[in-house]
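Asker: Submitted below is the structure of interest, expressed as structure tokens.
The values are calculated or read from the model by the stated rules, or taken from the named source; none is laboratory data. Quantities reported herein were computed from a predicted structural model and do not represent experimental measurements. Backbone-built Cβ (ideal geometry, glycine too); neighbour counts: all protein chains shown.
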Amino acid sequence: MGDLNLRELLRWSWRQLTSMRTALILLLLLALASIPGSVIPQDNIDAFKASQWREDHPDLAPIYEKLGLFSVFDSVWFAAIYLLLALSLVGCILPRTRVYWRGLRAAPPKAPRNLTRLPDSATYRTSEPVDDVLARAQVLLRKRRFRVLAAEGAVSSERGYLREAGNLLFHISVLIVLAGFGIGSLFGYQGGVIVWKDGGFSNNLTQYDDFVPGSLMQAEDMEPFSFEVTDFDVNWLMSGPRKGMAQKFVAHLDYRETPDGEEKEYDLKVNHPLSIGGTDLFLIGHGYAPSITVRDGNGDVAWSGPVIFLPEDQATFTSFGVVKAPDARPRQIGLEGLLYPTYANVDGNPVSLFGDDRNPRISMLAYVGNLGMDSGDSQSVYVLDKSRMTELKKNDGSMFRVDLFPGQTKKLPDGAGSVTFEGMRPWVRIQISKTPGKGVALGGVILALVGLLGSLFIRPRRVWVRARREDEETVVEIAALDRSGGGEVGTELAEIVASLRAGDVREEKS
């Protein structure tokens, strides 16, 4: 008895899971579950924004981490909805396919006993023999793409079988889209890299700033391309209501598809990716990298080169950055602060008027001590660990800031060294992704449109024609039925009646 109850419970659960209502609910849940992935910064899309979001929301970040909201599409709960939807669709499609196959092979239903009781029907009398009327009705209905069956003094016909095929095709297409998404998640990868002007990149794991591989992705499957950012252009609006806004970002690339391949040029623009084999390169961000030289207390160069500053304000491109000089002696040096691309002093406050680097200036605090980079723990290049550092002050104990325009140098207090602002370089953030299932997903979307069009515009209809002798005349009864609900068959019925009567030569002569 216990086994029977368990069996019944499993059967009931399977029926619930494979019902159309459950499939629609799961589809809605999948759409709702995707919303956090488009609202909250994702680690596998823009790890820098995700890291900045964590810093800006220290209370919410641990909760979001536990819920997997920084990597929604890789989370367990999203995968559960995804797999349940696929299982529900399979369980829904298989029985419907069997029913459709039986219906496709079945003959049209016999004519009802009283055709005149149907909402759309017509009757007329003729002197033409019954057999001639029915024979002509069969020919006419076949020309109108009806499947025809003649039996018991009547002709039964039906068409529109492809409507249900459209419904099935739509459901199958959803499975194909899910399969394409799954293939991309398993065998593809996605990563991001920031490259400044005149900088280069080679497609291997060590070159990425962040990299999220698929579960079955192999490093040898990565295309061996490389590229260099030769220039970066931005058009700034200098008039109108959007004055100061940037538009038309273009990163000029020189790239090779293989190490020994021909060098090619490409202008990488927003929404115009560069495709190399099965890998796509997208331009998703830009900013500035001031070139800074740090000399230590011994006068030696402890750090020199461009430093990535991340924009905090997309309108003015006021950016935050960190400089670390672990080789400085006798004490390590750290700097953190802001870059103002177009600096101005407004009421005693430093601001950037807009994003173009017309008057760049850096303003940073300086620290000396132990950067903690030798502890073995990973550190973000955009975060300065000040737990073992001491902030440098002026001789009078007031705040000391490294405020520099390009070409200027400032000495640090206590003989700690000096900082030079050499100049500016633009940088671009490029997202690199390989999604082997995108062709499958695109095919699924196309099939979904075809299936949807079929289910919307194909009308399953039945037409019956009965003829009988009465008072030395032939009484012809015709009825039509639209099985899709709400369809208008009156026009088609009138055309069929007119065609039948037009072929009645005897009636016309009389």
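Asker: For the stretch 195-211, which residues satisfy the criterion of being of a type in the set (Val, Ile, Thr) and surrounded by fewer than 20 Cβ atoms within 10 Å (Cβ to Cβ)? Let's see the steps before the verdict.
Answerer: Quick first cut of the stretch 195-211, residues of a type in the set (Val, Ile, Thr) only: 195, 206.
206, the sole residue that qualifies.
Asker: Moving on to the next point. Can you tell me which condition residue 150 does not meet? The list is (1) free of Cβ contacts under 8 Å to residues at least 24 places away in the same chain; (2) part of a helix (DSSP H, G or I); (3) not assigned by TED's automatic domain parsing to the domain that holds residue 18, and all the others hold.
Answerer: (2)
Asker: Can you give me the number of residues within the stretch 472-510 that are touching a Lys or Arg at 6+ places or on another chain (Cβ under 9 Å), modelled with pLDDT under 80 and either buried (at least 19 other Cβ atoms within 10 Å of the Cβ) or farther than 28 Å from residue 166 by Cα (or both)?
Answerer: Here the count works out to 4.
Asker: Out of all the residues in the stretch 315-332, is one or more under 27 Å from residue 49 (Cβ atoms), basic (Lys, Arg) and buried (at least 20 other Cβ atoms within 10 Å of the Cβ)?
Answerer: First, pick out the residues of the stretch 315-332 that are under 27 Å from residue 49 (Cβ atoms): 315-326.
Those left that are additionally basic (Lys, Arg): 324.
From what is left, the residues that are buried (at least 20 other Cβ atoms within 10 Å of the Cβ) are 324.
Yes, the stretch 315-332 contains at least one residue that is under 27 Å from residue 49 (Cβ atoms), basic (Lys, Arg) and buried (at least 20 other Cβ atoms within 10 Å of the Cβ).
Asker: It is to be established whether one or more residues within the stretch 335-342 are part of a strand (DSSP E or B) and more than 29 Å from residue 229 (Cα to Cα). Spell out the reasoning first.
Answerer: The first filter runs over the stretch 335-342 and keeps only residues part of a strand (DSSP E or B), leaving 335-340, 342.
Going one step further and asking which of them are more than 29 Å from residue 229 (Cα to Cα), we end up with none.
No, because not a single residue in the stretch 335-342 is part of a strand (DSSP E or B) and more than 29 Å from residue 229 (Cα to Cα).
Asker: Also: From the residues in the stretch 106-129 that are part of a loop (DSSP other than H, G, I, E, B) and among the aliphatic types (A, V, I, L, M), which one is nearest to residue 474 (Cα to Cα)? Show your work before the answer.
Answerer: Filtering the stretch 106-129 for residues part of a loop (DSSP other than H, G, I, E, B) gives 106-114, 118-119, 127-129.
Restricting the remaining residues to those that are among the aliphatic types (A, V, I, L, M) gives 106-107, 111, 118.
Numbers: 106: 30, 107: 26, 111: 17, 118: 20 Å.
Across the stretch 106-129, the extreme among qualifying residues is 111.
Asker: Could you go through the stretch 21-40 and let me know if any residue there is out of contact with any Asp or Glu (no Cβ under 6 Å at 6 or more places or on another chain), within 30 Å of residue 96 (Cα to Cα), without any contact (Cβ under 8 Å) to a residue 12 or more places away in the chain and among the basic types (Lys, Arg). Even if it seems obvious, please write down each step before you answer.
Answerer: As a first pass, look at the stretch 21-40 and keep what is out of contact with any Asp or Glu (no Cβ under 6 Å at 6 or more places or on another chain): 21-40.
Subsequent filtering for residues that are within 30 Å of residue 96 (Cα to Cα) retains 21-34.
From what is left, the residues that are without any contact (Cβ under 8 Å) to a residue 12 or more places away in the chain are 21, 24-25, 28, 31-32.
Subsequent filtering for residues that are among the basic types (Lys, Arg) retains 21.
Checked against the condition, which is being out of contact with any Asp or Glu (no Cβ under 6 Å at 6 or more places or on another chain), within 30 Å of residue 96 (Cα to Cα), without any contact (Cβ under 8 Å) to a residue 12 or more places away in the chain and among the basic types (Lys, Arg), the stretch 21-40 yields at least one hit.
Asker: Going by the conditions given, is residue 69 outside any helix (DSSP H, G or I) and surrounded by 17 or more Cβ atoms within 10 Å (Cβ to Cβ)? Break it down into steps so the answer makes sense when it comes.
Answerer: Numbers: outside any helix (DSSP H, G or I): yes; surrounded by 17 or more Cβ atoms within 10 Å (Cβ to Cβ): yes.
Yes: the conditions hold for residue 69.
Asker: Inspect all residues belonging to the stretch 394-404 and state whether any of them is charged (D, E, K, R), outside the structural domain of residue 492 (by TED's automatic domain parsing), under 30 Å from residue 43 (Cα atoms) and surrounded by fewer than 13 Cβ atoms within 10 Å (Cβ to Cβ). Lay out the reasoning, then the answer.
Answerer: Filtering the stretch 394-404 down to residues charged (D, E, K, R) leaves 394, 396, 401, 403.
Keeping just the survivors that are outside the structural domain of residue 492 (by TED's automatic domain parsing) gives 394, 396, 401, 403.
Then keep just the ones that are under 30 Å from residue 43 (Cα atoms); that gives none.
No - not one qualifying residue is present in the stretch 394-404.
Asker: Only one of (1) free of Cβ contacts under 8 Å to residues at least 40 places away in the same chain; (2) under 41 Å from the mean Cα position of the chain (by Cα) fails for residue 329. Which number is that?
Answerer: (2)
Asker: Looking at (1) in the same structural domain as residue 49 (by TED's automatic domain parsing); (2) closer than 24 Å to residue 457 by Cβ, which is the only condition residue 106 fails?
Answerer: That leaves (1) as the condition not met.
Asker: Can you tell me which residues in the stretch 135-164 are crowded, with 19+ Cβ neighbours inside 10 Å and out of contact with any Ser or Thr (no Cβ under 9 Å at 6 or more places or on another chain)?
Answerer: 154, 155, 156, 157, 158, 159 - these are the residues of the stretch 135-164 that are crowded, with 19+ Cβ neighbours inside 10 Å and out of contact with any Ser or Thr (no Cβ under 9 Å at 6 or more places or on another chain).
Asker: Here's a follow-up. For the stretch 351-360, which positions are in contact (Cβ under 8 Å) with a residue 40 or more places away in the chain and in a strand (DSSP E or B)?
Answerer: At the first step, the residues of the stretch 351-360 found to be in contact (Cβ under 8 Å) with a residue 40 or more places away in the chain are 353-357, 359-360.
Hit for the stretch 351-360 is 359, nothing else.
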